[in-house]
Amino acid sequence: MKHFVGIVGNNWSGSRNRQLLQLMKRRYADQFDLTLLETGDLPLFSQDIETTPSPVVTAFRDQIAQADGIIIATAEHNHSIPTSLKNALDWCSRVVHPIDQQPVMLVGASLGPMGTVRAQMHLRQILDSPGIGARVLPSNEVLISFSGKQFTPEGDITNPATLAQLDLSTQAFMAFVG
């Protein structure tokens, strides 16, 4: 069975993106194991300490390096990714490069109508940078709009079309990982 890490792309306690990863962990438990990684616990990246990172940074990078693939769930803040996700990616782009050549799937849930489309486009650019070098799943997007209405209080998605898209993209990712 494959082992994936799911990076929670923001640090909001009520994150729909955390809920989305938790849903994927339950829904696809027979296909892969998913460990969620939080970004809010990482210290602010600085080149002053990049060669002597804290244990939380080292553990974060080690879990990514040991995974068969990565699922990043991003919110959208000001047409881009949240600062906690950018910080996490910065820690993975210098000195140690755990994302290099790793297969990555992008998903996102937003409270608004665009479903993280701008954040995911920007995230694709970041993941393609020389310091990161991820292999991002092409042509499959999970863009959950109006997420406040699509999730139940228990963290389930109520819209059958959203679940169908999630299933289709997850199947494509499984094939992409190999």
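Only helical DSSP H runs with n ≥ 4 go in: add -39500 (n - 2.57) per run for the chain, normalise by residue count and round the 222 nm mean residue ellipticity to 500 deg cm²/dmol.
On the way: 6 runs with 66 residues, N = 178.
The helix-only estimate for the chain comes to -11000 deg cm²/dmol at 222 nm.
Quick check for you: which residues of the range 96-110 have the amide N under 11 Å from the point 7 Å beyond the Cα of Thr51 toward its beta carbon?
none
What order do you get for 82-88, 104-110 when each peptide is scored by the mean count of other beta carbon atoms within 10 Å, highest first? Write out the running numbers ahead of the final one.
Working: 82-88: 21.3, 104-110: 25.7.
Packing order, densest peptide first, comes out as 104-110, 82-88.
Please give the Cα centre distance for the range 1-17 versus the range 25-63, rounded to the nearest Å.
What the calculation gives is 10 Å, centre to centre.
In nm, give the distance between the simple-model label positions of Asp62 and Met121, each being 7 Å from the Cα along the Cα-to-Cβ direction.
It is 4.0 nm.
Along the Cα→Cβ direction, 7 angstrom out, place labels at Arg26 and Ala161. What is the inter-label distance in nm?
About 2.4 nm separates the two model spin labels.
Normalise the Cα radius of gyration of the chain by 2.2 N^0.38 Å (N = residues in it) and let me know the number. If you can, show how the numbers build up before the last one.
Details: Rg = 15.2 Å, N = 178, 2.2 N^0.38 = 15.8 Å.
So the Cα radius of gyration is 0.97 times the expected 2.2 N^0.38 Å.
If one computes P(r) from the Cα atoms of the range 50-91, what percent of pairs lie at distances over 12 Å?
Values: 587 of 861 pairs.
Considering the range 50-91, 68 percent of its Cα-Cα pairs are separated by more than 12 Å.
Taking a temperature of 20 °C and a viscosity of 1.002 mPa s, what whole-number D in µm²/s does Stokes-Einstein yield for the range 76-178 with Rh from Kirkwood over alpha carbon pairs? Intermediate results must be reported in sequence, preceding the final value.
On the way: Rh = 14.6 Å.
Result for D is 147 µm²/s.
For the chain, give me the percentage of DSSP beta bridges that are antiparallel, rounded to the nearest 5 percent.
So the antiparallel bridges in the chain amount to around 10 percent.
A short reminder: the numbers here are calculations on the coordinates, not readings from a lab. Bear in mind that the values here come from a model prediction, so they are computed numbers and not experimental data. Here Cβ is always computed from backbone atoms with ideal geometry, including for glycine, and neighbour counts include all displayed protein chains.
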